[in-house]
Amino acid sequence: MKRAMLIGAVLVWAVSGCTTMQVNPLSHELKYQLTPAPAMEKFVDKSIAVVPFDDARMYDGANKTTSTSTAWNIVPFVVYTTGVVSHPEVSYNTSVSGMGSYVKAAGTMADAIPKLLAEYLHRSRRFSKAVFVEAAEVRDHHPYDMVLRGTLVESKLTATRFSYGLGPAAPVAYLFGAPVVKYSASLTVDWQLYDARGDKIGPKKTATLEGPVVQHTGLYYGLVRDHKDVPFGLYVDAVRTVNTKIAEEISEQIAD
């Protein structure tokens, strides 16, 4: 009996020891490949600070979801069901990085997006200095020529789950190449530029996607996008697009 208990304890220890969980900042998990540096005529000899964005997405400690029960997918003649989440970083914050190894993203998009924007502005050499700072650091006197503030308006993720009206026979369609799920990611950010005195520079602007970032999944479809698991990988593309738009508009605004 003692031997059996000892063997059981060793097995439990071995299995638990093979599973690791690494925690990374969300900005690290959403990091994207930077585009080549712009032409030097876009360089502005000024410093800019980017602060954490306000979060206008409704949140009360639970991810806001609007969903049709997946149980309807097994009902004949039901073509698809949908699920929508307002905070994808809450629902999809854990991914597999290897055998028994997982990565959990910590933080919110309202912090991650401006961090990545500041890094993009710095590495693309658009300004003499571009940094991410906490809001308290630019509340009164500060050494920066400009401050960018923003609001994360929306980051909705929609999952359309197909059953093609086949009910329990839907897997037959999957075997013949039909997608199982279509993910659509949206992202909208409002932003405003201020000078060192706190006065607005130009009007408030909105950066959004021309259309949602879409990817299908299924037996013959890729499950990775931008080196991240789908659907979370869609937001690497979405954040890159929105931040690039903001950077371009800042350059145009300062040049006017």
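The values are calculated or read from the model by the stated rules, or taken from the named source; none is laboratory data. Just so you know, these numbers come straight off a predicted model, no measurement behind them. Using ideal geometry, Cβ is built from the backbone for each residue, glycine included, and neighbour counts are taken over all protein chains shown.
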(Q) Give me the residue from the range 117-130 that is under 21 Å from G202 (Cα atoms) and over 20 Å from the mean Cα position of the chain (by Cα) and, out of that set, surrounded by the fewest Cβ atoms within 10 Å (Cβ to Cβ). (A) S128
**Q.** Criterion violated by L234 - all others in (1) out of contact with any helix residue (DSSP H, G or I) (no Cβ under 8 Å at 6 or more places or on another chain); (2) at positive phi satisfied
**A.** (2)
Q: Would you mind telling me which numbered condition in (1) under 16 Å from the mean Cα position of the chain (by Cα); (2) at pLDDT 85 or above; (3) closer than 20 Å to V131 by Cα; (4) surrounded by 15 or more Cβ atoms within 10 Å (Cβ to Cβ) Y32 fails?
A: (2)
Q. Among the residues of the range 168-175, is any at positive phi and not acidic (D, E)?
A. no
Q. Within the range 198-231, which residues are assigned to a loop (DSSP other than H, G, I, E, B) and over 18 Å from the mean Cα position of the chain (by Cα)?
A. G198, D199, G218, L219, Y220, Y221, G222
Q) If a residue has to be at pLDDT 90 or above and either in contact with a Pro (Cβ under 6 Å, 6 or more places away or on another chain) or among the hydrophobic types (A, V, I, L, M, F, W, C) (or both) to count, how many in the range 53-73 make the cut? A) 2
Q: Could you tell me which residue of the range 158-199 is surrounded by the most Cβ atoms within 10 Å (Cβ to Cβ), considering only residues that are of a type in the set (D, E) and in contact (Cβ under 8 Å) with a residue 40 or more places away in the chain?
A: D190
Q) Counting only residues that are modelled with pLDDT of 85 or more and not in a strand (DSSP E or B), which one in the range 35-52 is farthest from A196 (Cα to Cα)? A) P52
Q: Considering each of P143, P114 in turn, give the residue that is over 11 Å from the mean Cα position of the chain (by Cα) and in a helix (DSSP H, G or I).
A: P114
Q.
Anything in the range 218-250 that is farther than 17 Å from E29 by Cβ and buried (at least 19 other Cβ atoms within 10 Å of the Cβ)? List them, or say none.
A. I246, A247, I250
Q. Does V23 satisfy the criteria of being surrounded by 15 or more Cβ atoms within 10 Å (Cβ to Cβ), in a strand (DSSP E or B), β-branched (V, I, T) and at pLDDT 70 or above?
A. no
Q) Name the pairs whose Cβ atoms lie under 8 Å apart, with the first residue in the range 141-157 and surrounded by fewer than 17 Cβ atoms within 10 Å (Cβ to Cβ), the second part of a strand (DSSP E or B) and not aliphatic (A, V, I, L, M), and 6 or more positions between them or separate chains? A) P143/S47; E154/T188
Q) Among (1) out of contact with any Cys (no Cβ under 8 Å at 6 or more places or on another chain); (2) modelled with pLDDT under 75, which single condition is E119 missing? A) (2)
